[in-house]
Amino acid sequence: MSDTINYARLQEYLETLVPPRDAELVRMEEYAREHDFPIIGPTAGYVCYQTARLIGARRVYELGSGYGYSTAWFARAVHEHGGGEVHHVVWDEKLSSMARQHLDALGYGDLIRYHVGEAVAALRTATGPFDLIFMDIQKSGYPGALPFIEAQLRPGGVLLVDNVLWSGRVMDEEATDADTQAIRQMTQALVSDPGWLTTITPVRDGLLLAYRA
Ligand SMILES: C[S@@+](CC[C@H](N)C(=O)[O-])C[C@H]1O[C@@H](n2cnc3c(N)ncnc32)[C@H](O)[C@@H]1O
């Protein structure tokens, strides 16, 4: 295997392979660039959409939804399956309201259930099970969320987690900050548990996919 692949160039190349998307999604990407807001972006978004399509997801729960960009990719899959629910959860009222406008404009408004508050607490009281859970909250919260995700995900369901490469810090032995340690801890818990089949896809900041066997 070549060891000369440039990671940034690879990401640029992968993004060119994402099919054209709705103008509203493109506007949401522009907003992220202008305001330095950390959305998953088109390549990881497409992987999320593809995964939801692959498992026929109709009930999706998001932890850490921002202004609805990742939500839109899941909603597209659920919409194409004939309907269902996508839960948008963020602790910021303004982001929740921005998400409503975008998701309405995309025509997914009827599918979305909005919650303003701490995401793991919301998941704990949600009526499961879900086909797919996506996690993109503050990284120190990743390991603690796992038991609640396990309780709410159906067997054969999928967990997707963003930022599991954390700009490469997870591979740097000298990086011992709380967020990096938390991502490593969650990743190790999943890969060492035979109840999960787990891989990391190196798109953007690393997207973990775990199948609940
Ligand atoms: C990285 S952004 C997510 C963006 C979104 N997933 C996307 O790709 O479009 C994370 C968002 O979730 C919020 N957040 C982080 N931790 C949270 C938590 N524990 N509960 C609720 N919201 C949280 C952040 O304030 C931020 O708006």
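Listed values, structure above:
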{"read-out": "Residues that are polar (S, T, N, Q) and farther than 15 Å from Asp205 by Cα, drawn from segment 163-187", "value": "Thr176, Gln181, Gln185"}
{"read-out": "Residues that are of a type in the set (Gly, Ala, Ser) and assigned to a strand (DSSP E or B), drawn from segment 134-169", "value": "Gly156, Gly157"}
{"read-out": "Answer from Val60, Val26, Val116, Val86 - the residue that is crowded, with 24+ Cβ neighbours inside 10 Å and either out of contact with any strand residue (DSSP E or B) (no Cβ under 9 Å at 6 or more places or on another chain) or without any contact (Cβ under 8 Å) to a residue 40 or more places away in the chain (or both)", "value": "Val86"}
{"read-out": "Residue match in segment 29-50 (condition: away from the ligand (no atom under 13 Å from the Cβ), in a loop (DSSP other than H, G, I, E, B) and at pLDDT 95 or above)", "value": "no"}
{"read-out": "Matching residues in segment 127-137 - criterion: being crowded, with 20+ Cβ neighbours inside 10 Å and either within 13 Å of the ligand (Cβ to nearest atom) or of a type outside the set (A, V, I, L, M) (or both)", "value": "Phe130, Asp131, Ile133, Phe134, Met135, Asp136, Ile137"}
{"read-out": "Residue that is touching a Ser or Thr at 6+ places or on another chain (Cβ under 7 Å), within 29 Å of Leu146 (Cβ to Cβ) and more than 9 Å from the ligand (Cβ to nearest atom), where the choices are Leu14, Leu54", "value": "Leu14"}
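The values are calculated or read from the model by the stated rules, or taken from the named source; none is laboratory data. What you see is a predicted model; the values in this text were computed from it and never measured. Heads up, the Cβs are rebuilt from the backbone with ideal geometry, glycines too, and the neighbour counts pull from every protein chain shown.
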